[in-house]
Amino acid sequence: MLNATDFASVQDAVNSIPPGGGAVYVPRGVWTDTAVPRYSAVGSSTLTLPSDRPVRIMGDGPDATILRSGNSSQPIVTVPSDGSALERLTIESTAPLPGSGTPSRGILVGRTNQALKRFTTVDVTVRNTPGYGLYVRGKEGGETTLSIWGHHSRLRVVGNLSEGGVWIGPACTTQVLLDCIVESFKGWGLKAQGAEGVTLNSCTFEDSLDHAQPYVALDNSNCVVLDRCWFESWGAADTQYFIQVANIARCIEVRSTHFIRNDSVSTAKVVTIDGFARGVLLVNLDVGLGVAPTGTDDVRIQNANSEVVLIGGAIAQPANYNPLRIQGATVLTSLLETNGRIRVPQAAGTGGLTDVANGDIVYNSSTSKLNIRVGGAWQGVSTTTP
């Protein structure tokens, strides 16, 4: 293991790692791109790991070892190598947004026109970056770049100024986030664009600052699991969905996940599926409310054929909105353990709060009955076993 204090910069220590790979220890302190102690080479604001050998960068802990950049447009750390890792440190920016071009990102992962394998972060904080905190490159801009087998444990992304917290690009596979936090963010908390095999386990997404995008967006992404995650909104103006599934998607699971609107007037919503979805499983959703959404619905499945299963959960039901709305779903199984309304309009565009129509279903847990609107009248159906 090399000690960064024995070199002119962390970059010089990294460049001295032998061909078989190795580790660089970066002691506690603030390492900058402009003065001693430096993390980057003179004239650069980026710490670049070599592409031909694995390197571990190890600090004394988040907020103890800090790599601090003042550059608006250069990534702070780039990772083009298999088997590399960042551990126990903070990566932060003091720079504003650039006037134009790509904003500086915290960690940029990817090797141009090749697959990058087994990149890991452990106990890393990425703070106040102009752009994405973690950017995992995929097949973008005509390149065949992609990343596979990424694992991030206790990664915290906070205070990014634009874009989002985490990006997982097209064709990237097997990306795992465990006990991670994205908070006080702008843009998306996490966006997976055309990715496969993304797992979010015990992750927290809290407090969009600009309310511009869904907290987690799964666009053309398949085999995605969110298990025991936590979504929380503190924003009075927050109207975004916590989870959005868009375009073609298959095998999406959301399990035992909690959603809460903490501000008394926040109307952040839960899940929208807007596209051609196959195999969507929503299990034990726990929805806590500040107030009900205004003129919309917590769980909305719309605009294309979908196969959706909802099991269990506690979806609160104020009187003025629908916890669940189904439009265009071809296969639906729903088991609700609390009062809730399923709206199944006869045609897209119908529905709302006052236009009760055939297909509306209301479950009353106090009487264990389903009331179904059929032929202009409500029909009660017992759900108890005779």
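The values are calculated or read from the model by the stated rules, or taken from the named source; none is laboratory data. Remember, predicted model here, so these are calculated numbers, not experimental data. When we count neighbours, we look across all protein chains shown, and the Cβ atoms used for this are built from the backbone with ideal geometry, even at glycine.
Overview of results
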| item | result |
| --- | --- |
| Residue 14 closer than 23 Å to residue 105 by Cβ, in contact with a strand residue (DSSP E or B) (Cβ under 7 Å, 6 or more places away or on another chain) and not in a strand (DSSP E or B) | yes |
| Pair list, Cβ < 6 Å and 6+ apart or interchain, from the stretch 242-254 residues that are more than 9 Å from residue 218 (Cα to Cα) and among the aromatic types (Phe, Trp, Tyr) to residues that are modelled with pLDDT of 90 or more and surrounded by 22 or more Cβ atoms within 10 Å (Cβ to Cβ) | 242/215; 242/231 |
| Conditions (1) buried (at least 24 other Cβ atoms within 10 Å of the Cβ); (2) farther than 30 Å from residue 145 by Cα; (3) at pLDDT 80 or above; number of the one not met by residue 261 | (3) |
| Checklist (1) closer than 29 Å to residue 209 by Cα; (2) of a type outside the set (S, T, N, Q); (3) touching a strand residue (DSSP E or B) at 6+ places or on another chain (Cβ under 7 Å) applied to residue 118, failing item | (1) |
| Selection count, the stretch 194-233, where residues are assigned to a loop (DSSP other than H, G, I, E, B), closer than 14 Å to residue 251 by Cα and within 13 Å of the chain's Cα centre (by Cα) | 2 |
| Which listed residue is in contact (Cβ under 8 Å) with a residue 60 or more places away in the chain, under 28 Å from residue 233 (Cα atoms) and in contact with a Ser or Thr (Cβ under 6 Å, 6 or more places away or on another chain), from 103, 130 | 103 |
| Count of residues meeting criterion [over 23 Å from residue 93 (Cβ atoms), touching a residue at least 40 places away in the same chain (Cβ under 8 Å) and under 17 Å from the mean Cα position of the chain (by Cα)] in the stretch 137-165 | 1 |
| Residue list for the stretch 218-234, restricted to those being farther than 14 Å from residue 194 by Cα, of a type outside the set (Val, Ile, Thr) and modelled with pLDDT of 85 or more | 226, 227, 228, 229, 230, 231, 232, 233 |
| Verdict on residue 112 being among the polar types (S, T, N, Q) and surrounded by 17 or more Cβ atoms within 10 Å (Cβ to Cβ) | no |
| Residue tally, condition among the hydrophobic types (A, V, I, L, M, F, W, C) and crowded, with 16+ Cβ neighbours inside 10 Å, over the stretch 24-51 | 6 |
| Positions within the stretch 101-123 being in contact with a Gly (Cβ under 9 Å, 6 or more places away or on another chain), under 15 Å from residue 166 (Cα atoms) and in a strand (DSSP E or B), in sequence order | 107, 109, 120, 121 |
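Residues are listed down the side, and each one gets a yes or a no for (1) farther than 18 Å from residue 47 by Cα; (2) surrounded by fewer than 18 Cβ atoms within 10 Å (Cβ to Cβ); (3) modelled with pLDDT under 95; (4) under 19 Å from the mean Cα position of the chain (by Cα):
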{"residue": "82", "(1), (2), (3), (4)": "no, no, no, no"}
{"residue": "91", "(1), (2), (3), (4)": "no, no, no, no"}
{"residue": "97", "(1), (2), (3), (4)": "yes, yes, no, no"}
{"residue": "101", "(1), (2), (3), (4)": "yes, yes, yes, no"}
{"residue": "104", "(1), (2), (3), (4)": "no, no, no, no"}
{"residue": "108", "(1), (2), (3), (4)": "no, no, no, yes"}
{"residue": "121", "(1), (2), (3), (4)": "no, no, no, yes"}
{"residue": "131", "(1), (2), (3), (4)": "no, no, no, yes"}
{"residue": "135", "(1), (2), (3), (4)": "no, no, no, yes"}
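Per-residue answers, yes or no, for (1) within 25 Å of residue 145 (Cβ to Cβ); (2) in a strand (DSSP E or B):
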position	(1), (2)
27	no, no
50	yes, no
68	no, yes
72	yes, no
82	yes, no
90	no, yes
99	no, no
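Matching residues to (1) modelled with pLDDT of 60 or more; (2) within 22 Å of the chain's Cα centre (by Cα); (3) crowded, with 20+ Cβ neighbours inside 10 Å:
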{"site": "236", "(1), (2), (3)": "yes, yes, no"}
{"site": "242", "(1), (2), (3)": "yes, yes, yes"}
{"site": "254", "(1), (2), (3)": "yes, yes, yes"}
{"site": "257", "(1), (2), (3)": "yes, yes, yes"}
{"site": "269", "(1), (2), (3)": "yes, yes, yes"}
{"site": "281", "(1), (2), (3)": "yes, yes, no"}
{"site": "298", "(1), (2), (3)": "yes, yes, yes"}
{"site": "311", "(1), (2), (3)": "yes, no, no"}
{"site": "317", "(1), (2), (3)": "no, no, yes"}
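For every residue, the table says whether it meets (1) closer than 26 Å to residue 115 by Cα; (2) of a type in the set (Gly, Ala, Ser); (3) in a loop (DSSP other than H, G, I, E, B).
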| site | (1), (2), (3) |
| --- | --- |
| 175 | yes, no, no |
| 237 | no, yes, yes |
| 244 | no, no, no |
| 252 | yes, no, no |
| 270 | no, no, no |
